[in-house]
Amino acid sequence: MKICIVDTTFARIDMARYAIEVLQNLMPDAVIVRRTVPGIKDIPVEIKTLMQREGCEAGMVFGWVGRSLVDKISYAVYSLALQLVQLELGRHIIDVTVHEDESESEEELYRIAADRARKHAENLYLLLRRPEELVRRAGTGRRQGYPDAGPIMG
Ligand code: RDL
Ligand code: RDL
Ligand code: RDL
């Protein structure tokens, strides 16, 4: 099985590195193909053509969104395009995004980014190989980058 990964030089943390460690542990048989583009708006076409060319079963993308309104609008455009690529290919592309305004502290941003990348790598594994485990986790308030919110009991 092949998994395609695209990330950016805009990002301030090498998030893909953490995800690849987890993917290699959980799916030692998987072949990972990685490309890097300048920024998030360059990701959709790169992941689409890469997945088609390489025959990847799923994708994982890593984006970093700056603090300004222009950056937020860039993310909205990117996110919509990424949805369209997934619908066109009929394949999952896990979107790991960190918004720089999630924290004022660089240490905390690092922690959020590494945790989110690792947990979404596990999510990709579960989507591909153990969908029944995700059903078991339904409604449990899972979060990536933060502690789980947990379920609300009726
Ligand atoms: O195609 C070249 C650029 O337009 C593209 O790389 C953009 O994604 C770059 N970019 C912005 O222009 C912007 O205003 C990015 C952001 N904000 C951002 O927050 N994060 C990015 N790129 O990865
Ligand atoms: O592809 C992996 C994630 O990007 C994807 O699962 C998102 O739907 C996760 N997500 C967010 O990134 C977010 O900022 C969710 C929310 N907010 C949300 O409010 N509810 C969700 N997911 O179910
Ligand atoms: O309520 C606090 C956070 O859950 C909320 O701010 C989320 O929107 C944070 N978040 C992102 O901003 C994002 O781009 C999350 C994800 N991606 C994500 O993939 N998983 C999350 N939060 O749990």
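Here, each number is a calculation from the coordinates, and none is a lab measurement. Because the structure is a prediction, the values reported are computed rather than measured. As a convention, Cβ positions derive from the backbone with ideal geometry for all residues, glycine included, and neighbour counts pool all protein chains shown.
The condition (being within 13 Å of ligand 3 (Cβ to nearest atom) and acidic (Asp, Glu)) is satisfied by just one residue among Glu102, Glu54, Glu107: Glu102.
Restricting attention to segment 108-154, which residues are in contact (Cβ under 8 Å) with a residue 60 or more places away in the chain and under 14 Å from Leu23 (Cα atoms)?
Hits for segment 108-154 are Ala114, Arg116, Ala117, Arg118, His120, Ala121, Glu122, Leu124, Tyr125, Leu127, Leu128, Arg129.
Does segment 62-70 contain any residue that is within 16 Å of the chain's Cα centre (by Cα) and surrounded by fewer than 17 Cβ atoms within 10 Å (Cβ to Cβ)? No, there is no match, as no residue in segment 62-70 is within 16 Å of the chain's Cα centre (by Cα) and surrounded by fewer than 17 Cβ atoms within 10 Å (Cβ to Cβ).
Please work out if Val61 is in contact with a Phe, Trp or Tyr (Cβ under 6 Å, 6 or more places away or on another chain), within 16 Å of ligand 1 (Cβ to nearest atom) and β-branched (Val, Ile, Thr). Against the criterion (in contact with a Phe, Trp or Tyr (Cβ under 6 Å, 6 or more places away or on another chain), within 16 Å of ligand 1 (Cβ to nearest atom) and β-branched (Val, Ile, Thr)), Val61 does not qualify.
Conditions (1) of a type in the set (Gly, Ala, Ser); (2) in contact with a Phe, Trp or Tyr (Cβ under 8 Å, 6 or more places away or on another chain), marked per residue:
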position	(1), (2)
Ile5	no, yes
Ala19	yes, yes
Leu26	no, yes
Asp29	no, no
Val37	no, no
Glu46	no, no
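Residues considered: Leu87, Leu80. Of these, the only one that is under 15 Å from the mean Cα position of the chain (by Cα) and surrounded by fewer than 13 Cβ atoms within 10 Å (Cβ to Cβ) is Leu80. If you check Gln86, Gln52 for being in contact with a strand residue (DSSP E or B) (Cβ under 9 Å, 6 or more places away or on another chain), of a type in the set (S, T, N, Q) and within 26 Å of Gln24 (Cα to Cα), only one passes: Gln86.
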